[in-house]
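Beneath this line is the structure, given in structure tokens, with notes to follow.
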Amino acid sequence: MKPDDTLTKILHFAQTHKDIEIVVLEGSRANKHAKKDRFQDYDISFFMEDTLSLRQDISWLGHFGKVLMMQMPESMELFPPDLKDGWESYLVLYENGVKIDFTLIPLSDVEYYFTHEKLTQVLLDKNDIVSKTMGREIIPSDEDFWLKPLTQRSFDDCLNEFYHLKGYALRSFLRNEELAYNHYIDSMRETLLILLSWQAALQKRLKAPSKKSPKHNAATPSFSFSYGKHYKYLPHSMPKKYYKLLLQTYTLGNLAKSRRALKAMQILCDTATHYIAKHTGFIAPSYKAALKTYYRALKTK
């Protein structure tokens, strides 16, 4: 099934179902900046006066293809859902390779939804409810996924978290606790990726043609773009040698392997910290020296 065919089926179903008032497309397919490919799933929300008809009989999910597997987060016990009360979701894998994540939302939550969700495209609104409720046109925006603002406070916070987690990792190393050691290295990488994204964004800004607008000043800490979910576009903005180092941080296993990963992570952290401090004038805190002292104390006891 082609992607266009999938949306056609969704819209036809909604148009012929009397209880569905609004259909909204969310996520990467609504994002003009996201790379399009056949692997993208469809994030679809149906707004209904009463969602009970579709919740009581879920055979309607078969309208879009043969269901191979699905997940109903609101019915799960081990992994609690995070949707607003009254919302119901169905994450469906189809035989033809299409994945559709449906969410059923009460019509009374239109204002709440569009106030909190910005990356949305209205595909169908039978009675023009959205524009009447919101008083504006809904234009998809990925601003909620833009890089975190780079300020002296956030720079310090990021490094504080990195080295705080490193303290846990070092204790796990000395205890020969491989699983815990790898866990903390994984957590450290999340903060490292924030640093690396800031570094890449500053480099991008410095390479851009010089303009008088403050938006193009390298020291301006705000960025109006994203490197994608899980930083998937970040490698395109990194020198090859640093990307190679970053990949090394994912090579975990026994203590020796993971220690090499941690060393690669520290090199990247040092490089990014120095670059950011140099090009913003921010003060780099002395957490690295503090961790060295802490580690020596742990080893000598």
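The values are calculated or read from the model by the stated rules, or taken from the named source; none is laboratory data. The shown structure was predicted, so the numbers you read here are calculated from the model rather than taken from an experiment. All Cβ positions, even for glycine, are placed from backbone atoms using ideal geometry, and neighbour counts span all protein chains on display. All accessible areas refer to the heavy atoms of the entire protein, side chains included, with ligands and DNA or RNA removed. Shrake-Rupley method; radii C 1.70, N 1.55, O 1.52, S 1.80 Å.
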Output for region 220-250, where each listed residue is among the polar types (S, T, N, Q), open to solvent by less than 70 Å² (accessible area, probe 1.4 Å) and free of Cβ contacts under 8 Å to residues at least 60 places away in the same chain: Thr220, Ser237
Any hit, region 98-107, residues being open to solvent by less than 20 Å² (accessible area, probe 1.4 Å), under 20 Å from Ser28 (Cα atoms) and not in a strand (DSSP E or B): yes
Test: residue in region 129-145 that is open to solvent by 70 Å² or more (accessible area, probe 1.4 Å), part of a helix (DSSP H, G or I), of a type in the set (A, V, I, L, M, F, W, C) and touching a residue at least 24 places away in the same chain (Cβ under 8 Å): yes
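Quick grid of which residues meet (1) more than 26 Å from the chain's Cα centre (by Cα); (2) modelled with pLDDT of 95 or more:
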| site | (1), (2) |
| --- | --- |
| Phe13 | yes, yes |
| Glu21 | yes, yes |
| Leu25 | no, yes |
| Lys36 | no, no |
| Phe39 | no, no |
| Phe46 | no, yes |
| Lys66 | yes, yes |
| Leu83 | no, no |
| Ile100 | no, yes |
Search result, residues across region 22-47 that are open to solvent by 30 Å² or more (accessible area, probe 1.4 Å), more than 23 Å from Gln71 (Cα to Cα) and not charged (D, E, K, R): His33
Pair list, Cβ under 7 Å, 6 or more apart: region 179-199 residue modelled with pLDDT of 95 or more, other residue of a type in the set (Lys, Arg): Met188/Lys166; Ile194/Lys148
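One line per residue, one yes/no per condition, for (1) open to solvent by 20 Å² or more (accessible area, probe 1.4 Å); (2) touching a helix residue (DSSP H, G or I) at 6+ places or on another chain (Cβ under 6 Å); (3) at positive phi:
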{"position": "Leu150", "(1), (2), (3)": "no, yes, no"}
{"position": "Asp156", "(1), (2), (3)": "yes, no, no"}
{"position": "Phe162", "(1), (2), (3)": "no, yes, no"}
{"position": "Lys166", "(1), (2), (3)": "yes, yes, no"}
{"position": "Ala169", "(1), (2), (3)": "no, yes, no"}
{"position": "Ala180", "(1), (2), (3)": "yes, yes, no"}
{"position": "Arg189", "(1), (2), (3)": "no, no, no"}
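Here is a yes/no grid of residues against (1) among the charged types (D, E, K, R); (2) within 26 Å of Asp128 (Cα to Cα); (3) part of a loop (DSSP other than H, G, I, E, B):
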position	(1), (2), (3)
Asp5	yes, yes, no
Ile22	no, yes, no
Arg55	yes, yes, no
Ser89	no, yes, no
Asn96	no, no, yes
